[in-house]
Structure formats: C-alpha cells, structure tokens
Amino acid sequence: MRDPTDPARRRALGAFGALGLAQAIAGVAPIARAQRTPDRTTLRVAAARLPLLGPENPHTDVWAYNGRVPGPVLRVRQGETLRVDVVNDLPEGTTVHWHGLRLPNAMDGVPHLTQPPIAPAGGRFAYEFDCPDAGTFWYHPHLRSNVQVEMGLAGALIVEEPEPPVVERDVLWVLDDWRMARDGQVTQDFASMRDAMHDGRIGNTVTINGVLPDAFAIESGERIRLRLVNVANARVFALRFEGHAPVVIALDGMPCEPHAPDAGRILLGPGMRADLILDATGRPGERHRVIDDFFVRQAYEVVTLAYHPRKRRRAVSPGPVPRLAPNPVPEPDPDDADRHRIVLNGGMMGTMPGMGGMPVMAGARAAWAINGQSATESDHSHAPLLTLARNRSCVLELVNDTAWWHPIHLHGHSFRILSRNGVRDARRPLVDTALLAPRERVEIAFVADNPGDWMFHCHVLEHQASGMMATVRVA
Ligand code: C2O
Ligand code: CU
C-alpha cells in the first residue's frame, strides 16, 4: 500500500520513492513539444479532481488551469505578443503572475499593486504583453500563493528562439512537491508557523508534469533539451543524473555559458529553471537514476531514465553542445552603479529586529524581515524598500542573516550574480531568482530599466507569506 505520509519518508522520499509502485504509474506525462499557443487564449481557473497519484488512487482535489495540473504549456515565439484571458472560477480571488518575464508593470499580476484581484465566481482579466526574451518561464497566482500554488496552480511558458538548437526532443519537466494525507488529498495546514519559520512547506510527494514519475523513456544516442521548472512551494531540488553528463545552457530562461553543473548537481530553488542538454550516452536497455540529494541523508530517486531495449539513435556523439543566442537584456555597469544593502532576517534560530534580539516566537504572524520590515499584508500596501532611478545600473548586496535557504526573486528584471561571499562568480549568470545559502552574501547587478513597482521576495512561499517580501520601485 502506498503511504505518502509515513513519517520516515515524509520529508524527501516522494510517495513513489520506496513504495514499489513502479508497476502502476504511467511514467512522466509527455508535455514535450506542445503546439504554439494561438494568438489569443483562455485560462480558466477552477477546482478539479485529478489522478496525481496514479490511476488506482483516489483522485486528488486540486485547483487547475483549464482542468490541468500543471496548467497548459503556453508556447510563443520570441518577440510575439501573448494574450491570455483569465476567467476565475475559484471560490476566492486570484491573479496570474508571469514569472521571469520582463513585461510592463500593469501585466505583472500582483494584486492591488498592479491590478485588482480577479474576482471569484467568474471574474475576468485580460493579460497582454510581448515576450522579448526566449527561454523557459512559468506562470502562477500571486494572491495567497502559498495556498494557490500548492493546490496546483502553476504552468510553463516557453518562448522559442527564432532558431532553436537542434535536438531530437525538447522536453519539459515541471517539478512539484505536495504534502498529501493518507487519503491522497492535499493537507490544508497552510497556516503552519512551523513551516513558516523553518524551510517552508516541504511535502512528501514529488510529481513531474503532474504525475508520480516512474520511468522516463529515452533512446540511446539521442540529444534532449530538458527544461526543468521548480514550481514547488519550498523544496529545493539538487538533481544528479547518474551515468550522464548534462550541460547547463540556460538558467531562469536566460542563456549562459554552457557548463557542467557545479559538483554534478543541478540546484533548483523554488521558482528557478534550468535548460539542459542531456545526451543519452547510455546503452540500449540500461536504466539510470535521477536523484535529488539536496537533503543529503534523505536522498531519493526522482525518476529513472529507462533506455529503449534495442533502439539506438546514433552511435557517435551528436557534436558540440549548442550555445543559445543572448537575450536583449541591458548590461549593468557595476563600476557605475547605485549600491544598496539588503539584509534578510528572521526564522527559527534567527533574530528579528525590534524584538530585542529574541528569537521569533511561534504564533507571531511575521517570521521574516527584509531590512527590518516584514510585509505580510496581501494588499502590498507597504512603502517601497528601495526606489531606483530608471535606467541606472544598480548593485544590490543581499545578506542572508538567517540559518535558512532563500530563493530571492525580483519581478520585471533579470539580474547578474556578481559574487558570492565576496568571491567573484566567473560565469556571472543572468537570472531572476538568486538562491542564497544560510549566512551567504550575494551581490547582484541589473539595469533598472523597467518602470513600476516590482515585488522582491523569497520564493519559499511560506517565507513570503510571513514577511520576506518587499517592493522595489523603478521611477
Ligand atoms: Cu514566481 Cu513573485 O513570483
Ligand atoms: Cu525564504
């Protein structure tokens, strides 16, 4: 019997991890190569009941875009305009935020700050914006997101390059993590202060493209572009492709110098994406594990790469790894930049300013702060943390003064990571989310070229909901 709530496994072993379900599961649902999204498309947000845990399980009650978890893949070409009519049939308000897109502020989907919430029971909002950058992006609500995203509201948005690299398959894995009860339903303990003050809502069930993954069918010799999107509330994935040497070609949608992942692990905090070139160097019939060992002592198998028993696409290497053309993101000049220091505080074993250095007490609504301010109000009525001069370069020094990991996300811009703990990052990746290790100091730089009020927050959604959230104004 499958027991996703066995305490010994609840943290990292997905329900499938050690439970012998290889037989029952359909493998990774193929949402590769979706068709291009028509000029104008509708997303209906509503409750649904889906077999996340496989066909023989009670169906799970979720919230879904167009009845699907994850939502439909939206796919457009670079430079095209996306028009999405959102219809809200949820019992509560929602919005859609287009994570990682450099779009006009009014289309950013932040309730009260950029638009009114889309009313329940039939409210509508029309989003329309150009997609200036090619890459792997995603969409999700920005209202009560710790609840709405956990209930299933997330989908990928792929912007195609004018000339995409030549691969046999363009594959998308939307990685999610759920906390499910024995009956296969998502537990409703969203107000847990324990989750808020520790590493967020870590679940017990990991899905790829909305199903418990078993095997990913692969053919010897093929070259795959694998797009990874972490839509989990809180789980950081550290993926290891055993027996393979994937090459990272883009991070958070933005092309980077092709490189092997550091220490062989693809580290993906909530909200983050990576595009890989995965050459199938195994032999027909072989099986190799993809494991997540972020929590080293709770490493588990995410999925198996299962080679076709006979087929072989090619016997020689498919050649050098393709390099993606850069996106038109302005280059910041760190030597002529406005500098700001941003200190993250709080959490268990941390201190909150104004509390006399006392550890934060359970029961307090605010568990985290950014430069001493805790924004927990969902109407974003707080004053901006920073006001940046339009078109100026700026360098933000992010100081994680806590004992926890935080994926820090800025809306409306992509930024370069200049250094970590004072050590220059030679690759200077261009990203929209910077994963900070406990006590780490990270310098980021960008040109503040997109006017408006932009959210700046931790993408561990329980941290965001309990104070690790602010706005940055570009004026
Ligand atoms: Cu994906 Cu404000 O976030
Ligand atoms: Cu955080």
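Points to keep in mind about this one:
The rows are residues; the columns are (1) more than 30 Å from R312 (Cβ to Cβ); (2) touching an Asp or Glu at 6+ places or on another chain (Cβ under 8 Å).
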position	(1), (2)
V186	yes, yes
F190	yes, yes
D195	yes, yes
G203	yes, yes
V206	yes, yes
P213	no, no
F216	no, no
E222	no, yes
A245	no, yes
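- Boolean, P451 is away from ligand 2 (no atom under 16 Å from the Cβ) and surrounded by fewer than 24 Cβ atoms within 10 Å (Cβ to Cβ): yes
- Residue in the stretch 135-145 that is out of contact with any strand residue (DSSP E or B) (no Cβ under 7 Å at 6 or more places or on another chain), away from ligand 2 (no atom under 16 Å from the Cβ) and assigned to a loop (DSSP other than H, G, I, E, B) present: yes
- Subset of the stretch 332-350 that is surrounded by 12 or more Cβ atoms within 10 Å (Cβ to Cβ) and of a type in the set (D, E) - its residue that is nearest to L385 (Cα to Cα): D338
- Some residue of the stretch 55-64 being modelled with pLDDT under 50 and buried (at least 16 other Cβ atoms within 10 Å of the Cβ): no
- Residue within the stretch 406-423 that is farther than 25 Å from L143 by Cα, within 13 Å of ligand 2 (Cβ to nearest atom) and over 21 Å from the mean Cα position of the chain (by Cα) present: no
- Test: R179 is touching a Ser or Thr at 6+ places or on another chain (Cβ under 8 Å), touching a residue at least 24 places away in the same chain (Cβ under 8 Å) and not aromatic (F, W, Y): yes
- Evaluated against (1) out of contact with any strand residue (DSSP E or B) (no Cβ under 7 Å at 6 or more places or on another chain); (2) more than 24 Å from M272 (Cα to Cα), G221 falls short on exactly one condition, (1).
- Taking first residues from the stretch 403-414 that are more than 18 Å from A196 (Cα to Cα) and partners that are more than 12 Å from ligand 1 (Cβ to nearest atom) and outside any loop (DSSP other than H, G, I, E, B), the Cβ contacts under 6 Å between residues at least 6 apart in sequence or on separate chains come to H413/F446; S414/M254; S414/L430.
- Qualifying positions in the stretch 298-325 - in a loop (DSSP other than H, G, I, E, B) and farther than 27 Å from V236 by Cα: R313, R314, A315, V316, S317, P318, G319, P320, P322, A325
- Residue that is nearest to the chain's Cα centre (by Cα), among those in the stretch 426-466 that are within 16 Å of ligand 1 (Cβ to nearest atom) and part of a loop (DSSP other than H, G, I, E, B): H459
The values are calculated or read from the model by the stated rules, or taken from the named source; none is laboratory data. Note that the coordinates shown come from a computational prediction; the quantities given were computed from them, not determined experimentally. A quick note on method: Cβ atoms are made from the backbone with ideal geometry, for glycine too, and the neighbour counts reach across all protein chains shown.
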